[in-house]
Amino acid sequence: MDIPELDRRTEDQELKQNLLKKYGGCLSSLRQELSMKKKKGKLPKDARQQLLNWWELHYKWPYPSEAQKAALAESTGLDMKQINNWYINQRKRHWKPWEEMQFVVMDGFQAPSAAAASLYMDGHFNGDGLYRLGF
């Protein structure tokens, strides 16, 4: 190893030590914060149970309003993103909407029954030519 390379390594080590002295506290708190964000896993059991209770009560249309999500977040201790993700995943994995609740295009709608026609007429117009049923 020649002298210029040795000097450069010594300078690098000194710089590293100075930076660690100056910013070491920030780095450790940043490390903690990042490790907390990476934490993945199941939600607390009591929180999952509360979300599931709401799900069972609203199975026909399991889309909580913003106010309902806020209430669930407060009662479970979860944040809104966790609430949203749980319901998105729950609907994808477990929800099978019944035929009359499907989105229907107004122009091509043929009611299969009087009950379905009644539901269709009670639907809510989305403004894009589709009705959403089951509210």
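The values are calculated or read from the model by the stated rules, or taken from the named source; none is laboratory data. Just so you know, these numbers come straight off a predicted model, no measurement behind them. In this analysis, Cβ positions are derived from the backbone assuming ideal geometry, glycine residues included, and neighbour counts consider all displayed protein chains.
Only one residue in Leu27, Leu6 is of a type in the set (A, V, I, L, M, F, W, C) and exposed (fewer than 11 other Cβ atoms within 10 Å of the Cβ), so which one is that? Every option except Leu6 fails the conditions.
Restricting the search to segment 69-126, which residues are of a type in the set (A, V, I, L, M) and modelled with pLDDT under 90?
Taking segment 69-126 and keeping what is of a type in the set (A, V, I, L, M), we get 70-73, 78, 80, 83, 88, 101, 104-106, 111, 114-117, 119, 121.
Met101, Val104, Val105, Met106, Ala111, Ala114, Ala115, Ala116, Ala117, Leu119, Met121 - these are the residues of segment 69-126 that are of a type in the set (A, V, I, L, M) and modelled with pLDDT under 90.
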